[in-house]
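Before anything else, here's the structure in question.
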Amino acid sequence: MSLFQVQGLVKRFGGLLATDHVDLSVAHGEIHALIGPNGAGKTTLVHQISGLLAPDAGRVLLDGDDITALPMHRRVAKGLSRCFQVTRIFPAQTVRDNLLLAVQAHSGSSFRFLQPRSQAHGLYEAADRLAERVGLQGCMDGIAGALPHGAQRTLDVALALACAPKLLLLDEPMAGMGPEESQQMVQLIDSLRQDMAVLLIEHDMEAVFRLADRISVLVYGRVLTAGTPHEIRSNAEVQAVYLGTETLEATP
Ligand SMILES: Nc1ncnc2c1ncn2[C@@H]1O[C@H](COP(=O)(O)OP(=O)(O)O)[C@@H](O)[C@H]1O
Ligand SMILES: [Mg+2]
């Protein structure tokens with residue numbers, strides 16, 4: 001059974017069908033990319049998955065549980081974590097404090113039985129582990145808002161990892177990055193697949209084709225097709241409506 005499923009999801013904005021009976025599934029450990037031209041409805045779909053927007057019809061299932069009507073924090077508690085297109089770090093705090101806050105927010109009762117000093121120790125250790133996981137261990141004392149753009153996006157991913165998600169939603173993680181930063185983000189996302197599934201919305205086609213196990217193509221709110229990178233690359237309809245022959249030829 002799939003880890004995550006969207007079934008017949010519908011969202012209308014007045015007369016506009018922004019999400020048109022969308023079906024989507026993500027398997028355990030899969031990196032699933034969602035691509036499509038501007039205005040296709042990617043962000044609207046992600047908002048419904050994360051719980052920011054209520055769909056007009058359809059269901060969202062995580063691990064077989066219907067989470068369609070759950071508020072955002074309950075979805076997070078169930079293992080659905082999200083990175084934002086605009087980062088939500090605390091810019092005036094250090095990297096360490098950002099990580100500590102995220103760890104503490106999601107630790108729930110896991111440190112409850114420990115003495116206060118051990119509790120603090122446990123939080124610091126968890127923050128250190130997260131920093132190492134994403135490669136930010138060298139800038140723990142830096143002010144988050146003063147970090148280079150790529151490191152800020154990386155910190156945002158680390159914050160989303162604090163709740164040990166089963167499914168991570170990434171909304172354009174490479175946006176605004178230079179080639180070197182993009183490369184590092186690709187490696188980071190690639191390293192996540194051993195622990196979680198990822199739903200990746202991304203315009204950087206090189207990154208998408210390098211990372212994705214499967215790709216869904218959204219056009220005018222509908223899933224035009226879904227398949228492996230190879231299937232998507234050789235799909236004439238996809239080439240016509242979205243990717244363009246040039247992009248496909250440029251992609252190894
Ligand atoms: N809150 C809203 N109210 C009305 N229309 C919206 C709203 N949000 C998005 N839309 C429209 O829904 C369509 C899909 O938008 P969006 O989900 O942002 O697409 P994408 O992320 O793929 O660029 C667009 O036509 C957009 O103008
Ligand atoms: Mg968008």
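When Leu70 is evaluated against the numbered criteria (1) within 16 Å of ligand 1 (Cβ to nearest atom); (2) farther than 28 Å from Thr228 by Cα; (3) touching a Lys or Arg at 6+ places or on another chain (Cβ under 8 Å), which criterion, by number, is the only one it fails?
So the condition that Leu70 fails would be (1).
Results for (1) more than 16 Å from ligand 1 (Cβ to nearest atom); (2) modelled with pLDDT under 95; (3) over 20 Å from Gly29 (Cα atoms), shown as yes or no for each residue.
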site	(1), (2), (3)
Gly178	yes, yes, yes
Val186	yes, no, no
Val219	no, yes, yes
Ser234	yes, yes, yes
Pro252	yes, yes, yes
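Being of a type outside the set (A, V, I, L, M), surrounded by fewer than 19 Cβ atoms within 10 Å (Cβ to Cβ) and in contact (Cβ under 8 Å) with a residue 12 or more places away in the chain is the filter here, so list the residues in segment 51-67 that pass it.
Step one: filter segment 51-67 for residues of a type outside the set (A, V, I, L, M), giving 51, 55-56, 58-59, 63-66.
Keeping just the survivors that are surrounded by fewer than 19 Cβ atoms within 10 Å (Cβ to Cβ) gives 56, 58-59, 63-66.
Matches in segment 51-67: Asp56, Gly58, Arg59, Asp63, Gly64, Asp65.
Right, something else. Using the structure shown, decide if Asp141 is more than 16 Å from ligand 2 (Cβ to nearest atom) and not in a helix (DSSP H, G or I).
Numbers: more than 16 Å from ligand 2 (Cβ to nearest atom): yes; not in a helix (DSSP H, G or I): yes.
The answer is yes for Asp141.
With respect to Gly150, is the statement that it is surrounded by 15 or more Cβ atoms within 10 Å (Cβ to Cβ), in a helix (DSSP H, G or I) and of a type in the set (Gly, Ala, Ser) true?
On the way: surrounded by 15 or more Cβ atoms within 10 Å (Cβ to Cβ): yes; in a helix (DSSP H, G or I): yes; of a type in the set (Gly, Ala, Ser): yes.
Yes, satisfied.
Shifting gears a bit: If you check every pair at least six apart or on different chains, which have Cβ atoms under 9 Å apart with a residue in segment 35-48 that is under 14 Å from Val223 (Cβ atoms) first and a residue that is assigned to a helix (DSSP H, G or I) and near ligand 2 (Cβ under 8 Å from one of its atoms) second?
Ile35/Lys42; Gly36/Lys42
The values are calculated or read from the model by the stated rules, or taken from the named source; none is laboratory data. Bear in mind the structure is a predicted one, so any value in this text is a computation, not a measurement. Heads up, the Cβs are rebuilt from the backbone with ideal geometry, glycines too, and the neighbour counts pull from every protein chain shown.
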